Amino acid sequence: PRRIALVHYDDRATASAMVAAIAIDGLPAGVREAGSLADEPTRALPWTGRRVHAGPGTPGTDPPPRLDVVDGGGPGNPRRVRARLRSPRGADQAVVLLPPERIAGAFIEGRPLTTASDPMGRVMVFGLPAHGVVLDLEVHGDEPLQATVVDCVAGLPESAADLVTARDHAQAVTIQWGDQGCIATRATL
């Protein structure tokens, strides 16, 4: 079967939503038409450089993820910021996107991450507990740090049902992390 993963991306900071198809073996016309997806793939999802076929989505009402400052740290280089990442809707996957040039170090629950060397500045969390996780960042400069925070759940909202049906009729299956419903917001640290 063809391999096509679907993502519903609801960006609360811009009040926009989209659906995206990660089509490894090409995108059948029926799937493209069902989702009003673009013919040419682009880099539309902020946490990956993978090209996707994107189209309009329907904004939802579930609460967005949270990245709340616990301790903003004093001036210094690097400045240490502590924040709690959590998902009020109970998502078990999350990613925090940070400007990589500003990050000297990153830790989750005290364990070091390689985010400082990630060209996209990603902190990816799988198995996010209901109470969240503590994220410690060593930040260059005293200016506020802007972060994009995304959480994802398995499955798609009902508004994407026609797209799933079209994929099934094209004899395609989901891949990698499966179909996902993701919500994004921004946080200032």
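The values are calculated or read from the model by the stated rules, or taken from the named source; none is laboratory data. Quantities reported herein were computed from a predicted structural model and do not represent experimental measurements. Please note: Cβ atoms are built from the backbone with ideal geometry, for glycine as well, and neighbour counts cover all protein chains shown. Just so you know, the surface numbers come from the protein's heavy atoms only, side chains and all, with ligands and any DNA or RNA stripped out. Shrake-Rupley method; radii C 1.70, N 1.55, O 1.52, S 1.80 Å.
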Practice prompt. Pairs only if they're at least six apart or on different chains, beta carbon under 6 angstrom, first in the range 59-75 and touching a residue at least 60 places away in the same chain (Cβ under 8 Å) and among the hydrophobic types (A, V, I, L, M, F, W, C), second in a loop (DSSP other than H, G, I, E, B) and surrounded by 14 or more Cβ atoms within 10 Å (Cβ to Cβ); list them, first residue then second.
Written response: VAL69/LEU189
Discussion item. With the requirement that a residue be outside any loop (DSSP other than H, G, I, E, B) and over 13 Å from LEU137 (Cβ atoms), what does the range 102-121 give you?
Written reply: ARG111, SER117
Worksheet item: GLU143 passes all but one of (1) open to solvent by 20 Å² or more (accessible area, probe 1.4 Å); (2) touching a Pro at 6+ places or on another chain (Cβ under 6 Å); which number fails?
Response: (2)
Fill in: Residues located in the range 51-89, provided they are within 17 Å of THR188 (Cβ to Cβ), touching a Gly at 6+ places or on another chain (Cβ under 9 Å) and surrounded by fewer than 14 Cβ atoms within 10 Å (Cβ to Cβ)
ASP68
Worksheet, complete the sentence: Going through the range 4-36 in order, the residues found to be assigned to a loop (DSSP other than H, G, I, E, B) and out of contact with any helix residue (DSSP H, G or I) (no Cβ under 7 Å at 6 or more places or on another chain) are ARG12, ALA13, THR14, ALA15, ILE24, ASP25, GLY26, LEU27, PRO28, SER36
Practice prompt. Pull up the range 90-123, narrow it to residues that are polar (S, T, N, Q) and open to solvent by less than 80 Å² (accessible area, probe 1.4 Å), then point me to the one that is nearest to ASP179 (Cα to Cα).
Written response: GLN93
